[in-house]
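A.B. asks: Handing you a structure now.
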Amino acid sequence: MSKIQAFAKEHTITYCVMVEILVLAALTGIGMLLGMVFSAGDYYALLGAQEAIGAVIACGLIVLSGQKKVLTRRGAGFGRGLLAGMYFLVISVYSIWVYLLAYEGERTMRPWYLIAAYFLCMFFVGVVEELVFRGVIADLMLQKFGTSKSGIWKAVIVSGIFFGCAHLSNLFVSAPMGVLVQTIIAAMMGMALVTIYYRSGCIWVTVALHALVDIAAGITTGLYGNETLADSISSYSPIQLVSVFPYLIVLLVLLRNKKLPEIERNMK
C-alpha cells in the first residue's frame with residue numbers, strides 16, 4: 001500500500017476533499033488554457049476536449065487511490081445494472097421527447113460534426129464525474145463506513161453531498177439561484193447514482209446513465225446551438241426542486257433491507 005493509499009484509508013474525508021478540489025482546479029485550468037488557444041472554437045468541442053483530458057486525470061486518481069478494480073469490476077453485470085437504473089433511462093428518453101416537442105426556437109440543425117462533439121462532450125462529462133465521484137469517492141466512503149445498513153446510507157449521503165458541492169464551481173459562470181438549485185438536485189442525483197453503482201458494482205453502468213441524463217438535459221442546445229451550458233444553469237428555478245423527490249424514491253427502493261446484501265457482494 002502506497003503512502004497516498006494509506007492516507008486515503010486513514011483520512012478518507014480529507015482525501016476526498018483534496019481529490020474534488022484537485023479535479024475542479026485541473027478542469028478549470030485546462031478549460032481556460034483551451035479557451036485562450038482556441039478562442040474561436042465551438043463551445044462543446046472545447047468542453048469535450050477539457051473533459052477528455054479530465055478523464056485521463058480521473059483514471060490516474062483511481063490508480064493512485066488504489067481503486068484500479070473499479071475499471072474492470074463487473075459486479076452484477078451491465079444489463080442488471082441498467083435495470084437498477086431504469087428511472088434514469090425512462091426519464092432521459094422522456095425528457096428528450098418533451099424538450100424536442102416543446103422547443104420553439106429556430107430548428108436549424110448544427111453541422112453533424114458539432115452535434116457529434118456535443119454527444120462526445122456529454123459522454124466524457126459522465127466518465128469524469130463517475131470515475132471521480134463514484135469510482136474514487138463513493139468507493140472510499142463505502143470502505144470507511146462499511147456495508148451495514150447505516151454504513152451504506154452514510155456512504156450514499158456523504159458522497160452525494162460531495163457531488164452536489166462540486167457544482168458550486170458554476171457560480172463563476174452562472175446565476176447564483178440557478179447554481180443553488182442545480183447543486184441541490186445534483187446532490188440527490190448523486191445519491192441515486194451512488195446507490196445504482198453500489199447495487200450494480202459496475203462503474204460503466206453509471207457512466208452510461210449519467211451521460212444519457214446530460215445528453216437529454218441539453219439536447220436542444222446540442223442540436224440547434226441555442227445556448228451554452230452556463231446559460232441553461234442560469235435559467236434553473238426553485239420549482240425544479242420537485243425533481244429531487246423521484247431520486248428519493250429511487251434511494252428507498254434500491255436500498256430496501258432485502259437488497260442490501262447485494263451491495264457487499266457486488267462491490268468486492
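None of the figures in this text is laboratory data; all of them are computed from the coordinates on show. Please read all numbers here as calculations on a predicted model, not as lab measurements. Don't worry about glycine lacking a Cβ; one is built from the backbone with ideal geometry, like all the others, and counts go over all protein chains shown.
A.B. asks: How high is the relative contact order of the stretch 19-140, given as a whole-number percent (alpha carbon pairs under 8 Å, six or more residues apart)? Provide the component values of the computation, followed by the final result.
C.D. replies: Values: 67 pairs, mean separation 57.7, N = 122.
Relative contact order of the stretch 19-140: 47 percent.
A.B. asks: Additional query: How would you rank 193-200, 231-238, 107-114, 212-219, highest first, on the average number of other Cβ atoms within 10 Å across their residues?
C.D. replies: Descending packing order for the listed peptides: 193-200, 212-219, 231-238, 107-114.
A.B. asks: Compute a Gaussian network model of the chain, connecting alpha carbons closer than 10 Å, and tell me which residue from Met141, Met18, Met122 fluctuates the most.
C.D. replies: Largest GNM mean-square fluctuation: Met18.
A.B. asks: Sticking with this structure for a sec: Would you please classify the overall shape of the stretch 92-137 from the alpha carbon gyration tensor, given that a ≥ b ≥ c denote the square roots of the eigenvalues, rounded means a/c under 1.5, and beyond that prolate means a/b larger than b/c while oblate covers the rest? Numbers along the way, then the final one.
C.D. replies: Numbers: a/c = 4.31, a/b = 1.80, b/c = 2.40.
The shape class here is oblate.
A.B. asks: In a Debye calculation with equal point scatterers on the alpha-carbon sites of the chain and no solvent, what is log10 I(q)/I(0) at q = 0.13, 0.16, 0.17 Å⁻¹?
C.D. replies: So the normalised log intensities work out to -0.85, -1.29, -1.45.
A.B. asks: Also, quick follow-up: So what's the gap between the Cα centers of the stretch 209-261 and the stretch 5-26, to the nearest angstrom?
C.D. replies: After rounding, the separation between the Cα centres reads 26 Å.
A.B. asks: Binning at 10 angstrom from zero up to the longest distance, how are the C-alpha pair distances of the stretch 82-209 distributed in percent?
C.D. replies: The percentages, shortest bin first, are 12, 34, 36, 15, 4, 0.
A.B. asks: With a Förster radius of 22 Å, plug the Cβ-Cβ distance of Ile13 and Val63 into 1/(1 + (r/R0)^6) and report the FRET value to the nearest 0.05. Can you show the working numbers first?
C.D. replies: On the way: r = 21 Å, r/R0 = 0.96.
Efficiency at R0 = 22 Å is approximately 0.55.
A.B. asks: Separate question: Explain nothing, just the number: dipole magnitude of the chain about its Cα centre with +1 on each Lys and Arg Cβ and -1 on each Asp and Glu Cβ, in debye rounded to the nearest 20.
C.D. replies: Numbers: 19 positive and 14 negative charges, 294 e Å.
Taking the Cα centre of the chain as origin, the dipole is about 1400 debye.
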